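Trainee: My questions all concern the structure below.
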Amino acid sequence: MQDHDKTKDQLIDELNELRRKVAELDAVQKSFTESESRYREIVDKTSEGIFVIQDGLIRFENQACQDISGYRFGDWSFSSLTDLIVHPEDREMVDRYHTDGVRGETVPSLYEFRIVSKDGTTKWMRMNTSGIMWGGEPASFSVITDISERK
C-alpha cells in the first residue's frame, strides 16, 4: 500500500513505530559507544603493549607499544617494524615465527626476544600471540611485556 492510500491514523501509527525504532537504535548506539570507551580505556591504561597485525600491517596498537619501544607503530608493515626494533640476533626467530604462523604452521604462542628501543636501550620482551578475526578477516593479536628487570 502506498502512503497516499493510507489513512491519517495509519500514517501516524507508522510514524510512531519509526520513532520507537529510532529511539531503540539510539539506545543501542549509546550503549555500544560507552562499552567501546570502557574497553579502549582499559587497553590504553595497561602497561603491556597490545597490537594487531593483519595482511602484514600493524592495524592497531595501544599507547604502551610506544611507551615500550619509543616508536609509534602506525600502519607500518610488520617486517619494517621488526627490522627497526627487534635486536639483530633475534630478528630471524621473530620473522620465522610470524611467517610460519601466517602460513598456519604451529609456532610458539609465547616467546621471548630483545628489542632496541628508539633511545638505543636493549630491552627483553615476552610476546604472547594468538589468531583473531579483525574486521571479518584473520589477524594476529599480540601482547608484549617488558621483562627486562626480570632478565
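Trainee: Quick check on segment 60-76. Is at least one of its residues among the hydroxyl-bearing types (Ser, Thr, Tyr), more than 17 Å from SER140 (Cβ to Cβ), open to solvent by 80 Å² or more (accessible area, probe 1.4 Å) and in contact with a helix residue (DSSP H, G or I) (Cβ under 8 Å, 6 or more places away or on another chain)? Spell out the reasoning first.
Mentor: Quick first cut of segment 60-76, residues among the hydroxyl-bearing types (Ser, Thr, Tyr) only: 69, 71.
Filter again for more than 17 Å from SER140 (Cβ to Cβ), leaving 69, 71.
Going one step further and asking which of them are open to solvent by 80 Å² or more (accessible area, probe 1.4 Å), we end up with none.
No, that holds for no residue.
Trainee: Of the residues that sit in segment 117-151 and are surrounded by 17 or more Cβ atoms within 10 Å (Cβ to Cβ) and β-branched (Val, Ile, Thr), which one is modelled with the lowest pLDDT? Give the derivation first.
Mentor: Taking segment 117-151 and keeping what is surrounded by 17 or more Cβ atoms within 10 Å (Cβ to Cβ), we get 123-125, 127, 129, 139-146.
Okay, now just the ones that are also β-branched (Val, Ile, Thr), so 129, 143-145.
Numbers: THR129: 91, VAL143: 95, ILE144: 95, THR145: 96.
Residue satisfying both the conditions and the ranking: THR129.
Trainee: Restricting to segment 114-151, name every residue that is more than 16 Å from CYS65 (Cβ to Cβ), in a loop (DSSP other than H, G, I, E, B), in contact (Cβ under 8 Å) with a residue 24 or more places away in the chain and among the charged types (D, E, K, R).
Mentor: Correct list: ARG150, LYS151.
Trainee: Identify all residues within segment 17-70 that are touching a residue at least 60 places away in the same chain (Cβ under 8 Å), under 30 Å from ARG103 (Cβ atoms) and among the polar types (S, T, N, Q); write none if there are none.
Mentor: Scanning segment 17-70 gives a single hit, GLN54.
The values are calculated or read from the model by the stated rules, or taken from the named source; none is laboratory data. This is a predicted model, so every value here is computed, not measured. So basically every Cβ, Gly included, is an ideal-geometry build from the backbone, and we count neighbours across all protein chains shown. Side chains are part of the model used for accessible areas, which takes the heavy atoms of the whole protein and leaves out ligands, DNA and RNA. Shrake-Rupley method; radii C 1.70, N 1.55, O 1.52, S 1.80 Å.
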